[in-house]
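**Student:** Take a look at this one; I'll ask things after.
The values are calculated or read from the model by the stated rules, or taken from the named source; none is laboratory data. Owing to the predicted nature of the structure, the values given are computational and were not obtained by experimental measurement. Ideal geometry is used to build each Cβ from the backbone, glycine not excepted, and the neighbour counts take in all protein chains shown.
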Amino acid sequence: MKKKLRSEFNSRQYMLSRDFEVYYYSDLHFSSVGRHSHVYTEVYLFCEGEVDMEIAGKRHPLRTGDVLVLPPGTEHRAIVRNDGKPYRRFVFWLSEDFCQALRAESPDYLYLFDRVRAKRDYVVPMDPLEFNGLRSQLFTLLEELHTDCFGRDAQIALHVRELLLLLNRTVWQRESQKSKKGTRSAYQRVTDYIRDNLDGDLSLDAMSRELYLSKYYIAHLFQENTGLSVHQYVTKKRLAACVEAMGSGQHINEIYGRFGFLNYSSFYRAFLKEYGCPPSVYLEERLSSAAAETQ
């Protein structure tokens, strides 16, 4: 899937562009690059594979959704534990001059970069919803980079800033929640309930009754923590569960009802809106992509 947006891996570790570069790689039998560092910042989103990242001498096993921020001068290397499995990731390079220009616009763009420099905590895990949001933004940016439409440069500039704000807002909100234990506890109770009851009634009224929380308070929690309505959040979680089940070989007709969709029509409409194609096409492209990469 998204074959036209993939880049052939190049061991080059310097930038050709003045401001930023972004790549989507998917490799089998990856030829590892030795320990190295950059004069620019690298943001790395891990998608799939059996890979460790060695950063400043410490080895980190990677999980789907892990975001790595590697400031200039940070020595690192990827270690592929199983080169028979696809190694998929996004790589986003930003020059120091570009970062400083962004800082002049708003320090919010560099909140995570500053946090990483201060704490040397290079790996930021994302949950499936956060991961899907970042991946979607990266694909949107790559698609614009591959077009020649009117306003292309202006649109690319907007996409870069939207991506950085999404990443920084996600991390800021997570840290903000830690400092608000009561809010975090209520939000966690609701998200846990949703996770465990995807096949049930997840309306605001129903959750209010089950969790003894005001439905207006629940709605506020989700708007504050995710920027989504409860309905949007629940739909995304249900669709993500359906996609995971589809990937394991289960038939579409056996899936959607199990994860709370009342009929195929409502599932189809939600899937089309979220992924931009019908479920059957998504599954076919995913399987053909996996088959092509194992050849």
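**Student:** Any residue in the range 121-135 that is more than 22 Å from F46 (Cα to Cα), of a type outside the set (D, E), surrounded by 15 or more Cβ atoms within 10 Å (Cβ to Cβ) and in the same structural domain as E42 (by TED's automatic domain parsing)?
**Tutor:** no
**Student:** In addition: Filter the range 92-115 down to residues that are under 19 Å from L134 (Cα atoms) and outside any helix (DSSP H, G or I) and give me whichever is farthest from the chain's Cα centre (by Cα).
**Tutor:** For the range 92-115, the residue satisfying everything is L94.
**Student:** Shifting gears a bit: Which members of the range 170-196 meet the condition of being modelled with pLDDT under 90, under 23 Å from T235 (Cα atoms) and basic (K, R)?
**Tutor:** If the condition is that a residue be modelled with pLDDT under 90, under 23 Å from T235 (Cα atoms) and basic (K, R), then R174, R184, R189 are the ones that fit.
**Student:** Report yes if G49 is on the phi > 0 side of the Ramachandran plot, under 22 Å from the mean Cα position of the chain (by Cα) and without any contact (Cβ under 8 Å) to a residue 60 or more places away in the chain, otherwise no.
**Tutor:** Judged against the criteria, G49 is a match.
**Student:** Is it the case that some residue within the range 147-164 is at pLDDT below 95, part of a helix (DSSP H, G or I) and of a type in the set (A, V, I, L, M)?
**Tutor:** The answer is no, given that none of the residues of the range 147-164 is at pLDDT below 95, part of a helix (DSSP H, G or I) and of a type in the set (A, V, I, L, M).
**Student:** Go through the range 249-265 and count every residue that is of a type in the set (F, W, Y) and assigned to a loop (DSSP other than H, G, I, E, B).
**Tutor:** 1
**Student:** Then there's this: For the range 37-49, does any single residue satisfy the condition of being more than 20 Å from L138 (Cβ to Cβ) and part of a strand (DSSP E or B)?
**Tutor:** no
**Student:** Have a look at E54, E42 and point out the one that is modelled with pLDDT of 95 or more, in the same structural domain as N132 (by TED's automatic domain parsing), more than 17 Å from G133 (Cα to Cα) and within 19 Å of the chain's Cα centre (by Cα).
**Tutor:** None of the other options fit; the residue is E42.
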